[in-house]
Amino acid sequence: MGEQAERLLPFSKIENKIGDAALVEKAMPMIESHIDEFLTVKLPQEIPMLAMFVGNKTTDKIKEVFITQLKALFPKVMGTIVGDFKNTLNIKQAVENELARVDMTALLKEKLSGASKNLLWPDCYWGF
């Protein structure tokens, strides 16, 4: 059962998908807006002297460099996170542990007793 759970949640596919360039591109508008906020608002607040010497051309170039670096870094970081998650989760063991905790006999009796109440025994006897 644990092995079937591992097949239902294939981490190899997740690891491959997380590094897909299209996925990174989908995230870029949000990332760019955060970089803009950082460069135009937060950086001048934290380092006002820097804001005096940095103009729009410089912030645009910094943004371009950040985005290039993030596009290269994002798949690696996400791949590492998924790999670590896979190693710590161990789906097979989690499912097997959970199944070992459950009293299957009691569970089946409970489920089947409810189903048998819904049967109309006289109808079964007479073939209806």
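None of the figures in this text is laboratory data; all of them are computed from the coordinates on show. Just so it is clear, the model here is predicted, and its values are computed rather than measured. When we count neighbours, we look across all protein chains shown, and the Cβ atoms used for this are built from the backbone with ideal geometry, even at glycine.
Odds and ends about this structure:
- Packing, as the average of other Cβ atoms within 10 Å across residues, places the peptides 29-35, 107-113, 89-95 in the order 89-95, 29-35, 107-113, highest first.
- For the stretch 92-103, 3J(HN,Hα) computed residue by residue from phi via the Karplus equation (6.51, -1.76, 1.60; θ = phi - 60°) reads 4, 5, 4, 5, 4, 4, 5, 5, 5, 6, 7, 7 Hz, glycine and proline entered as x.
- In summary, the lysines within cross-link reach of residue 26, defined as a Cα separation below 22 angstrom excluding same-chain residues under 8 places away, comprise 13, 17, 61, 63, 71, 76.
- Top positive-direction residue, dipole computed over the stretch 35-107 with Cβ charges, set 106, 78, 89: 78
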